[in-house]
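Enquirer: Just dropping this structure here.
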Amino acid sequence: MIPEGMDMNMLLQQAQQMQAQMQQAQEELANSEFTGSAGGDLVTATLSGTGELKTVTIKPEACDPEDTESLADLIVAAVRDAQHKANAMTEAKLGGMTQGLGLGF
């Protein structure tokens, strides 16, 4: 149901503008890279904006043959850090786009 006094053409225009903005934001995100780190930068991981793991960098001092479990934990933490950064950017770019429609939902 359309709120009283709302012009249908204006509503359609706003929806088209929002769609164009969302498409542009999605393209920007897809072309972005997000780097996370763990262990004081002993391990870094880079994700594409689409979530693809691009690189993992491990400093030699992180490699203890007697403690591979800690290295694995650092890798997981670095990837999670990069995912968190990507999610935060996605929310920042796309999260508030529906608020400008003035529909009162």
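Every number in this text was worked out from the coordinates using simple rules, so none of it is lab data. Keep in mind it's a predicted model, so treat the numbers as computed, not measured. Cβ coordinates were reconstructed from backbone atoms using ideal geometry, including for glycine residues, and neighbour counts include every protein chain displayed.
Enquirer: Can you divide the C-alpha Rg of the chain by 2.2 N^0.38 Å and report the result to two decimal places?
Expert: Values: Rg = 20.8 Å, N = 105, 2.2 N^0.38 = 12.9 Å.
Taking N as the residue count of the chain, the ratio is 1.61.
Enquirer: Can you give me the convex hull volume of the Cα atoms of region 11-71, divided per residue and expressed in Å³? Can you show the working numbers first?
Expert: Numbers: hull volume 5.9 nm³, N = 61.
Normalising the Cα hull of region 11-71 by residue number yields 97 Å³.
Enquirer: Counting pairs of alpha carbon atoms under 8 Å apart in space and at least six apart in sequence, what relative contact order in percent does the chain give? If you can, show how the numbers build up before the last one.
Expert: Details: 117 pairs, mean separation 30.5, N = 105.
For the chain, the relative contact order is 29 percent.
Enquirer: Skipping prolines and chain starts, which residues have an amide H placed within reach, meaning under 5 Å, of the one on E33, given they are 5 or more residues away or on another chain?
Expert: Those qualifying (amide H under 5 Å, at least 5 residues apart or on another chain) number zero.
Enquirer: Would you please give the FRET efficiency between K59 and L94, computed as 1/(1 + (r/R0)^6) with r the Cβ-Cβ distance and R0 = 35 Å, to the nearest 0.05?
Expert: Numbers: r = 35 Å, r/R0 = 0.99.
That gives a FRET efficiency of 0.50.
Enquirer: Further question on the same structure: Roughly what angle does helix 68-94 make with the longest principal axis of the chain, taking Cα atoms, 0 to 90 degrees, to the nearest 10?
Expert: The helix 68-94 is inclined about 20 degrees to the chain.
Enquirer: Pick out, from L11, S48, Q83, the residue whose Cα sits farthest towards the positive end of the charge dipole of the chain, with +1 on the Cβ of Lys and Arg and -1 on the Cβ of Asp and Glu.
Expert: Comparing the listed Cα positions along the dipole, L11 ranks first.
Enquirer: In debye to the nearest 20, how big a dipole does region 31-95 give about its Cα centre with +1 on each Lys and Arg Cβ and -1 on each Asp and Glu Cβ?
Expert: On the way: 5 positive and 11 negative charges, 97 e Å.
So the magnitude is around 460 debye.
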